[in-house]
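These notes are about the structure you will find just below.
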Amino acid sequence: MAEPYDLVVIGTGPGGYVCAIRAAQLGMKVAVVEKRATHGGTCLNVGCIPSKALLHASELYEEAGHAFPGMGIKVKPELDLGAMQKFKAEGVDGNVKGVEFLLKKNKIDSVHGTGRITAPGKIAVSSENGGDAKLLATKSIVIATGSDVARLPGIEIDEQRVVSSTGALELPEVPKKLLVVGAGIIGLELGSVWRRLGAEVLVVEFLDRIVPGIDGEIAKNFQRLLTRQGIAFKLGHKVTGVKPNGSAVTATIEPAQGGAKEDIDANVVLVSIGRVPYTDGLGLETVGVRLDNRRRVIVDEHYATNVPGIYAIGDVIHGPMLAHKAEDEGIAVAEILAGQAGHVNYDVIPNVIYTYPEVAAVGKTEEELKEAGIPYNVGKFPFTANGRAKANKQTDGFVKVLADAKTDRVLGVHILGPDAGTMIAEAAVLMEFGGSAEDLARTCHAHPTLPEAVKEAAMAVEKRAIHI
Ligand SMILES: Cc1cc2nc3c(=O)[nH]c(=O)nc-3n(C[C@H](O)[C@H](O)[C@H](O)COP(=O)(O)OP(=O)(O)OC[C@H]3O[C@@H](n4cnc5c(N)ncnc54)[C@H](O)[C@@H]3O)c2cc1C
């Protein structure tokens, strides 16, 4: 066997490929193992990137039809779904090729096939055509195998009429009726895409609220805006079965706590009830790597599993299933392996929903602060009072800043509004530096911009917002 690697990373999603690059930068001899034909994992192939391409294109399509006339622009938009899908595919292609280039640039060996850990420091990579497994020897292994779609018992996903997010990104035509199971981020993003393109969308959610984990006040207002756009919600209900019905399907739903059943016809059902860690066929039982009760790989604060030399990061471990969380963990574990002090601050991980308007959050929600018994002050500022938003006639939503009542330190920032996902970055930087609402309020913000609403919300913590 050839000279062993310092590090072999299994999986080249945002966690794995970023980890491999950082480790190579730090002088390690690195290989990656990937079972997909292309690098970039869920995020680049069937997740963040293709969904954002469709969200971008469909938002412009809707704007062209609805907002342009009011701005004095006369057009009659016509949907060419094939071309829109091509636009999406080109975005994916550009991104996955970018990762391939970066791996080569950093002299990282790329091995295609399914990796299985046979012993600490030993990986067998089998190719799809079942040829002889390639054996890799390494000092350290990082498991970055990500996650897979969660399924509903008894409901088969055929990716035609009953689809996961992967199938929902590839629909060959706009469904007349789309039933979305689960009012989480992915369901609402993809539901928005198809509603904008002409589908009638109904979202069925088990809980009595949408987007669990997002600040309750933001979620309520967000639901109101989505409803106004034409998305219908049935909260507190569960889908118990889906039967084919000609070229369509009939879904049976019932109240979450039990009760009268109801049949709902749809052309497509999107099952978006979450994601589960992916560890199938990885050999974890053989080497004794421990999993928790949700089948996530258990790691300590250094991303080390219970087996020396085996580490794990990203969706396959605890924490929010987000690409940037996986990336930061990739960097942290590479630095730890190089003897540095790699670290991720889990209190400051932004979370964005890329609908219109967007939702963005960082830090604690009001509910979390109340539960923890932390006294806090609230500053709020609506986009109806922001000059730029008024000029653009995009005034839906507001910014909410939550600051520690004693120290004024910002503990959470929540934004519902246009471009919220971009605006949340300044809140993350502020919180990373332990900044206060006053720091934010006294930072000069360019006029006229939407982020002035963030500054004004910070000023509102001390009840001194100017424009309201
Ligand atoms: C529709 C959708 C939209 C999303 N949008 C966003 C978003 O806007 N922002 C955001 O932050 N997150 C988003 N996510 C979540 C994001 O995609 C994940 O959090 C992220 O991809 C996790 O990265 P990862 O590196 O842990 O794993 P993954 O990206 O899942 O990568 C794991 C890789 O490991 C490979 N693999 C698995 N097992 C093996 C094996 N045994 N051998 C070899 N290779 C293996 C897989 O093929 C895969 O390529 C979205 C997800 C979906 C589905």
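Pair-distance distribution P(r) for the range 1-145, from all Cα-Cα distances in 5 Å bins starting at 0: 2, 10, 16, 16, 14, 10, 8, 6, 6, 5, 4, 2, 1, 0 percent. Here the calculated FRET efficiency for A67 and H318, from their Cβ-Cβ distance with R0 = 45 Å, stands at 0.60, rounded to the nearest 0.05.
Estimated from the Cβ-Cβ distance and a Förster radius of 22 angstrom, the FRET efficiency linking E200 and T250 is about 0.90.
Can you say what percent of the DSSP beta bridges in the chain, counting only those with both residues inside, are antiparallel? Round to 5. Close to 60 percent. Take each peptide in 251-261, 403-413, 145-155, count the other Cβ atoms within 10 Å of every residue, and average; sorted highest first, the result is 403-413, 145-155, 251-261. Our estimate of slack between A137 and K176, defined as 0.36 nm per intervening residue step minus the Cα-Cα distance, is 8.7 nm. Sorted on the mean count of surrounding Cβ atoms within 10 Å across their residues, most packed first, peptides 7-17, 422-432, 307-317, 90-100 read 7-17, 307-317, 422-432, 90-100. Of all aspartates and glutamates in the structure, the ones whose alpha carbon falls short of 17 Å from that of K52, not counting any fewer than 8 places away in one chain, are E62, E63, E90, D93, E170, E189, E358, D419.
Nearest 500 deg cm²/dmol is fine: what mean residue ellipticity at 222 nm does the chain get from its DSSP H runs of n ≥ 4 alone, each adding -39,500 (n - 2.57), divided by its residue count? Calculated mean residue ellipticity at 222 nm is -9500 deg cm²/dmol. For the residue pairs K29/K104; K35/K97; K86/K177; K364/K455; K220/K400; K176/K234, the C-alpha atoms sit more than 20 angstrom apart in K86/K177. Using C-alpha pairs below 8 Å separated by at least 6 residues, the relative contact order for the range 359-459 is 32 percent. In terms of the mean number of neighbouring beta-carbon atoms within 10 Å, the peptides 38-44, 242-248, 21-27 order highest first as 38-44, 21-27, 242-248. Per residue, the convex hull spanned by the alpha carbons of the chain comes to 171 Å³. Between E371 and A83, the contour length at 0.36 nm per residue exceeds the Cα-Cα span by 98.8 nm. The stretch between Q257 and N293, if pulled fully straight at 0.36 nm per residue, gains 10.5 nm over its current Cα-Cα span.
Since every read-out is calculated from the coordinates, none of them should be taken as a lab result. Keep in mind that this is a model prediction, so the values were computed, not measured. Ideal geometry is used to build each Cβ from the backbone, glycine not excepted, and the neighbour counts take in all protein chains shown.
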